[in-house]
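The values are calculated or read from the model by the stated rules, or taken from the named source; none is laboratory data. Please read these numbers as outputs of a predicted model, since none were measured by experiment. Here the Cβ positions follow ideal geometry from the backbone for every residue, glycine too, while neighbour counts run over all protein chains shown. These area figures cover heavy atoms from the full protein model, side chains too; ligands, DNA and RNA do not enter into them. Shrake-Rupley method; radii C 1.70, N 1.55, O 1.52, S 1.80 Å.
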Amino acid sequence: LSAFQGASLLVYNNGIFSEQDFESIQHIGDSQKKGQLAKTGRFGIGFNSCYHLTELPTFMSRDRLIMFDPQAKYLPDINPANPGKRIDLLNPAVQENFPDQLAPYRAFGADFLSDYRATLFRLPLRTPSQAESSKLSKQHHSKEEIVQLLLSFLEEAQLS
């Protein structure tokens, strides 16, 4: 997974994922949050927008790291019908064997000794070589482009 250790967009939310949230995010376009007007993700397509930027989105909440690989190309032992992994972050073997994969989450306070009381999405930016063979998107983005995108969001928010 070293190809996904480069530039990434990190998205922090101080809320934690409920069991229903973990279940719902697995169903593309079929949100289990329909009718819950205050909930992010109620339309069933929000999370999938991350595939404009990344091949392998991950997120951490509570005691779990979730990794999605919809092309079943990068993660071991997955397939298109079940394109994700759920990893127990409190398992010492995970911490010992995958320190590089866990390192970015430490920047936002994860200690991997107790539940992470928030949610942190990590979207490794698609590289030019990943874009060449991607079935998700042929676009790649540099960190400078992402910074400009975020600055444009800030500018627009200030106009509102």
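Listing for the model above:
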quantity	calculated
Residue ID - nearest to Gly6 (Cα to Cα), chosen from residues in the stretch 138-149 that are open to solvent by 70 Å² or more (accessible area, probe 1.4 Å) and either in contact (Cβ under 8 Å) with a residue 24 or more places away in the chain or of a type in the set (Ser, Thr, Tyr) (or both)	Lys143
Among residues of the stretch 73-94, those that are buried (at least 16 other Cβ atoms within 10 Å of the Cβ) and part of a helix (DSSP H, G or I), counted	1
Qualifying position, being within 18 Å of the chain's Cα centre (by Cα), touching a residue at least 40 places away in the same chain (Cβ under 8 Å) and in a loop (DSSP other than H, G, I, E, B), among Pro104, Pro70	Pro70
Whichever residue in the stretch 100-137 is among the basic types (Lys, Arg) and under 22 Å from Asp63 (Cβ atoms) and, among such residues, is surrounded by the most Cβ atoms within 10 Å (Cβ to Cβ)	Arg122
Candidates Ser114, Ser49, Ser129, Ser152, filtered to the one that is more than 24 Å from Asn13 (Cβ to Cβ) and either among the polar types (S, T, N, Q) or without any contact (Cβ under 8 Å) to a residue 24 or more places away in the chain (or both)	Ser129
Candidates Ser129, Ser137, filtered to the one that is assigned to a loop (DSSP other than H, G, I, E, B) and either modelled with pLDDT of 95 or more or acidic (Asp, Glu) (or both)	Ser137
Residues (over 26 Å from Ile146 (Cβ atoms) and charged (D, E, K, R)) located in the stretch 65-95	Asp77, Arg86, Asp88
Residues of the stretch 64-90 classified as charged (D, E, K, R) and within 16 Å of Pro104 (Cα to Cα), total	1
